[in-house]
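Data block below; observations after.
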Amino acid sequence: MLLEIHEVLKPEQVHAMRSALLEPQWVDGNQTSGHQSALAKRNRQLPENSPIAQECGKTILKALQGCGLFMSAALPQRVFPPLFNRYEGGEHFANHVDNAIRALPMGGQIRTDLSATLFLSDPQDYDGGELLVDDTYGAHKVKLSAGSMILYPSTSLHRVTPVTRGMRLASFFWIQSMIRDDGQRTLLFDLDMSIHRLRQQLGPEHEALVSQTGIYHNLLRRWAEP
Ligand code: NI
């Protein structure tokens, strides 16, 4: 499932984050790459231990916790502390699949079930810099407004086209989901969305709603690895 989540951050949060992020020293993006993707990547990143990156990352994690659509779609078990990248002057990221397992900065590891890009630059401020994500239906072009986010299965081949004007600033991170399988996770998300619609149409006490909510939880119980 490829899902756009709009306005994860409020405009004032995006503005504050953008100006804070431009202060510290940016390094070659290959510091976080696996061997294969190091060959593909041409961009810059903030170091994981940059205090400003950590502060901005916390703001993003807090916003995600309050975002019902994200919680329902990702069913997160753990979220990698958000990283930040910038592309300018023709920088790009060629086709790659993200590493399956990543070391967490606080110790331990995370399995990357879902990848997320949170756009921090306004699309009119740069040319190029589209995220292209392949699935069985072809390549999807993603370039969202500042503060909006795309969530996609980490199994997908993806790339970022060269930024030919301006600068593209974004946050990126990974999610280990309680539901490892994308098909199962998508079914649960569809069911949850359908339950929300039913609740609005029928009211919270309707029998059909009670039974569907029960089915949702029983599927979650069967499939989840919390
Ligand atoms: Ni990637």
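The values are calculated or read from the model by the stated rules, or taken from the named source; none is laboratory data. Predicted, not measured: the structure shown is a model, and the values here were computed from it. All Cβ positions, glycine included, derive from the backbone under ideal geometry; neighbour counts span all protein chains shown. Surface areas here come from the heavy atoms of the whole protein model, side chains and all, with no ligands, DNA or RNA. Shrake-Rupley method; radii C 1.70, N 1.55, O 1.52, S 1.80 Å.
In a residue-by-residue description of region 93-108, the property of being closer than 30 Å to D192 by Cβ, of a type outside the set (V, I, T), within 15 Å of the ligand (Cβ to nearest atom) and within 14 Å of the chain's Cα centre (by Cα) applies to at least one position. Filtered by the rule that a residue be surrounded by fewer than 17 Cβ atoms within 10 Å (Cβ to Cβ), among the hydrophobic types (A, V, I, L, M, F, W, C) and in contact (Cβ under 8 Å) with a residue 40 or more places away in the chain, region 184-223 gives M193, W223. Please identify the pairs in which a residue from region 82-97 that is free of Cβ contacts under 8 Å to residues at least 12 places away in the same chain has its Cβ atom under 7 Å from the Cβ atom of a residue that is more than 13 Å from the ligand (Cβ to nearest atom) and open to solvent by less than 50 Å² (accessible area, probe 1.4 Å), counting only partners at least 6 apart or on another chain. Here the result reads none, with nothing in region 82-97 linked to a residue that is more than 13 Å from the ligand (Cβ to nearest atom) and open to solvent by less than 50 Å² (accessible area, probe 1.4 Å).
Within region 35-78, the set of residues being in contact with a Leu (Cβ under 8 Å, 6 or more places away or on another chain), assigned to a loop (DSSP other than H, G, I, E, B) and open to solvent by less than 40 Å² (accessible area, probe 1.4 Å) comprises L46, L75. Any residue that is more than 30 Å from S194 (Cα to Cα) and in contact (Cβ under 8 Å) with a residue 40 or more places away in the chain - is there at least one of those in region 63-76? Looking for residues that are more than 30 Å from S194 (Cα to Cα) and in contact (Cβ under 8 Å) with a residue 40 or more places away in the chain, one finds none in region 63-76, hence no. Tallying residues that are in contact with a Ser or Thr (Cβ under 6 Å, 6 or more places away or on another chain) and open to solvent by 60 Å² or more (accessible area, probe 1.4 Å) within region 79-91 yields 0. Give the residues of region 136-183 that are within 16 Å of the ligand (Cβ to nearest atom), open to solvent by 50 Å² or more (accessible area, probe 1.4 Å) and of a type in the set (K, R), sorted by residue number. Within region 136-183, K141, K143, R159 meet the criteria. What are the residue pairs meeting all of these: first residue in region 146-175, first residue on the phi > 0 side of the Ramachandran plot, second residue hydrophobic (A, V, I, L, M, F, W, C) and within 10 Å of the ligand (Cβ to nearest atom), Cβ atoms under 6 Å, and 6 or more apart or on different chains? Taking only residues 6 or more apart or on different chains, not a single pair turns up. Here region 112-129 is the region considered, the condition is being touching a strand residue (DSSP E or B) at 6+ places or on another chain (Cβ under 7 Å) and open to solvent by 40 Å² or more (accessible area, probe 1.4 Å), and the residue that is nearest to A63 (Cα to Cα) is D125. Applying the condition of being modelled with pLDDT of 80 or more and more than 22 Å from P153 (Cα to Cα) to region 25-42 and asking which residue is farthest from the ligand (Cβ to nearest atom) yields Q25.
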